[in-house]
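Reviewing the structure listed below.
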Amino acid sequence: MAIGVKVVERPIHDTSYIRATLTGMAHTLKHLLTPDRVTTQYPEQKESISKRWRGTHRMLTTEDGKAKCVACGLCPTVCPSNCIKLVPGEDEQGNRYPLVFEIDEFRCIFCGYCQEVCPEEAIHVGRHYENAEYSREGFVYDLERLMAQTHPVCEMWDPADPKGE
Amino acid sequence: MTMLALLQAATPSSEPHVLPFFVFTAIKLIAVFTVYMVGVALLTLAERKISAWIQDRHGPNRVGWHGLAQPVADGIKNFVKEETYPAAANIPLFVLAPALAFIPALVTWAVIPFAAPWEGRWGRIEMVLAPMPIGFLFILAISSLGVYGIVLAGWSSNNKYSLLGGLRSSAQMISYEIAMGMSTIPVLLLAGNVSLTKIVNQQAFETWNVLNLTIAFFIFLVAAFAETNRLPFDLPEAESELIAGYHSEYSAMKFSLFFIAEYANMVTASALMATLFFGGWDIPFTLWDNVAPHTGLKTFLTLGCFATKVLFFVFLYMWIRWTLPRFRYDQLMSLGWKLLLPLALGYIVAIATTIVTLDSLGFARGSVPFHAGLILLNIAAVVILFVLLDRGRVISPAYSRLDKREVDRLRAVSTAHRTPLLPESGD
């Protein structure tokens, strides 16, 4: 049995190459003359990012410039990617503080659990995204570097205020 | 013997001073070469900018003021990149091919008049590198060499995609070269000469050929697009089918040479369209630029006029590239052989008949009735052609490749021999 190929009879304005070409050229010229550009010119202009953006970390400090961290060990415990290294220490008054606090931002999955779990509101994920480094080692942020960050921190979702008002 | 004749022909007619002739020829050589190469480099930027603007983007704008130094950055990048040679390539031809693609486009410029002549204290200086009386034949001869670079590149790469690109390009360029050559015969009939300077002068004192010979211009335009392998005829390159076609295996500056060759060809084809059909360097609506005294100011203004015309056609190239999709191979061939070539041949007959008729009726060349007759014929021909093109489905979509009678005949054949594959159900 022969294959019945359906041949559709189409009107000329659908099949004319000349008309299609002229229409197309008018269309491209229209865009050339009255462009509607939506490109963000990145290094000069930046897109605004969400208040809940979770980027590279920041350690908040007290008024006298020390890290708020009390080395309780909750954040390395809760961290699903195991990227926080914490060695606790204790001073003469018996206050605990971190001897070593390192976050490997390459391993981090930016879930924000560390910020959520922190009882002292010390470690935060930040609203920041420009993190280029020349080596893998450069991505291991130590305590000094975490304290030196200045970018705004993430505002976590609050169940009492779901719309963030 | 032929060379001697050529050399004699190349010597300008009114040339009393030998030394200024050589000095100015050298200056013109350097100037034209520099402007041409810098222009070609800037055109790569222009193409990217125009494509960006058409697609509502910004285009390259990081290097220099609004990206103006982008060609320099591209050039540096291409010079310092690694040159790769495929193991199975034919190395001598592989290296030779980019140069062969590039040189013909450059050489063609030798005979294109780019401004009005300048008569200063050193005598008359023609604003063309080699004012040959056979300029047009020279162009035909040189432009047909362009195909060698692409074919050799495709073959010597020893890569199936390159080879396919080279094959397509040879078929395409040979097919359209015929239509292109034929479409220019009416121009020669009107000018009565093959010297490009004479053709420009004839258009300046009479009318631009595009008004007399629109169909010839149309054929030349389409064929020139095919000759330069630009969209919608970029089958030799065909990124989506053949990676990069004939230059798939090329890297660094050798690849860049193909790129330069494409733009150089484009500028040359634009200059030819301007010269043959749009009056060359002639400033429209005035004869001031065509008569003595030939001052430097006239040379300068006519140069600007010529540049404007050429850049307009270059823009047209880019505009069309970013509008139209690529043809299918069978569409390409049927357009070239079944439409453009017969049309060009028929047009030669029509124009020749008209010219002979008008001549025998006693209308002088260049007189108002002579050109009125030509223009009237032209308007009628253009209307008829475009109505036919509109109805006739020139570039046929798959569903209208055959005409209706053919479809009906095939259907009759298929239904007459129709036998059921499955036995009829028994109930």
Inset, instruction - Looking at (1) out of contact with any Ser or Thr (no Cβ under 7 Å at 6 or more places or on another chain); (2) modelled with pLDDT of 85 or more, find the lone condition where B:Glu177 falls short. - result: (1)
Legend entry - Candidates B:Met253, B:Met173 - the one that is among the hydrophobic types (A, V, I, L, M, F, W, C) and surrounded by fewer than 24 Cβ atoms within 10 Å (Cβ to Cβ): B:Met253
Inset, instruction - Output yes when any residue across the range A:74-84 is more than 9 Å from chain B (Cβ to nearest Cβ) and either in a strand (DSSP E or B) or under 30 Å from B:Lys49 (Cα atoms) (or both), and no when none is. - result: yes
Legend entry - Subset of the range A:100-121 (residues that are of a type in the set (A, V, I, L, M), loosely packed, with under 13 Cβ neighbours inside 10 Å and touching a residue at least 40 places away in the same chain (Cβ under 8 Å)): A:Val100
Inset, instruction - Go over the candidates B:Leu297, B:Leu324 one by one and state the one that is assigned to a helix (DSSP H, G or I) and either over 22 Å from B:Met173 (Cα atoms) or under 22 Å from the mean Cα position of the chain (by Cα) (or both). - result: B:Leu297
Inset, instruction - Take the range B:80-90 and flag every residue that is among the β-branched types (Val, Ile, Thr) and surrounded by 11 or more Cβ atoms within 10 Å (Cβ to Cβ). - result: B:Thr84
Legend entry - Among (1) part of a helix (DSSP H, G or I); (2) within 25 Å of the chain's Cα centre (by Cα) - the single one B:Thr354 does not satisfy: (2)
Inset, instruction - Select from the range B:268-309 the residues that are of a type in the set (Val, Ile, Thr), crowded, with 24+ Cβ neighbours inside 10 Å and within 21 Å of B:Val187 (Cα to Cα) and list them in ascending order. - result: B:Thr268, B:Thr275
Inset, instruction - Among the residues of the range B:105-144, write down those that are touching a residue at least 60 places away in the same chain (Cβ under 8 Å) and farther than 27 Å from B:Pro284 by Cα. - result: B:Ala105, B:Leu106, B:Trp122, B:Ser143
Inset, instruction - Counting only residues that are over 16 Å from the mean Cα position of the chain (by Cα), give me the helices (runs of 4 or more DSSP H) lying completely in the range B:209-266 with at least 2 of them. - result: B:209-212, B:239-242
Inset, instruction - Considering only residues that are surrounded by 11 or more Cβ atoms within 10 Å (Cβ to Cβ) and acidic (Asp, Glu), look in the range A:122-146 and name the one that is farthest from A:Tyr42 (Cα to Cα). - result: A:Asp142
Inset, instruction - Could you tell me which numbered condition B:Ala99 fails, if it satisfies all but one of (1) under 27 Å from B:Ala271 (Cα atoms); (2) surrounded by 14 or more Cβ atoms within 10 Å (Cβ to Cβ)? - result: (2)
Inset, instruction - Name the single residue, out of those in the range A:12-33 being of a type in the set (Gly, Ala, Ser) and either part of a helix (DSSP H, G or I) or more than 7 Å from chain B (Cβ to nearest Cβ) (or both), that is surrounded by the fewest Cβ atoms within 10 Å (Cβ to Cβ). - result: A:Ala26
Inset, instruction - Return yes or no: is A:Thr40 closer than 22 Å to A:Asn131 by Cα, within 14 Å of another protein chain (Cβ to nearest Cβ) and among the β-branched types (Val, Ile, Thr)? - result: yes
Inset, instruction - Say whether the condition of being more than 14 Å from every other protein chain (Cβ to nearest Cβ), part of a helix (DSSP H, G or I) and either surrounded by fewer than 15 Cβ atoms within 10 Å (Cβ to Cβ) or in contact with a Cys (Cβ under 6 Å, 6 or more places away or on another chain) (or both) is met by at least one residue in the range B:384-392. - result: no
Legend entry - Failed criterion for A:Gly112 (all others in (1) modelled with pLDDT under 90; (2) in contact with a helix residue (DSSP H, G or I) (Cβ under 9 Å, 6 or more places away or on another chain) hold): (2)
Legend entry - Considering residues of the range A:81-99 that are loosely packed, with under 13 Cβ neighbours inside 10 Å and in contact with a Phe, Trp or Tyr (Cβ under 7 Å, 6 or more places away or on another chain) only, the residue modelled with the lowest pLDDT: A:Asp91
Legend entry - Which numbered condition B:Thr197 misses (of (1) within 21 Å of B:Lys309 (Cα to Cα); (2) outside any helix (DSSP H, G or I)): (2)
Inset, instruction - Determine if the range A:60-68 includes at least one residue that is basic (Lys, Arg) and away from chain B (no Cβ under 14 Å). - result: yes
Legend entry - Identity of the residue in the range B:48-60, free of Cβ contacts under 8 Å to residues at least 40 places away in the same chain and more than 8 Å from chain A (Cβ to nearest Cβ), that ends up farthest from A:Gly24 (Cα to Cα): B:Pro60
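The values are calculated or read from the model by the stated rules, or taken from the named source; none is laboratory data. Note that the structure is a prediction, hence the values are computed from the model and not measured. We place every Cβ from the backbone using ideal geometry, glycine too, and count neighbours over all the protein chains shown.
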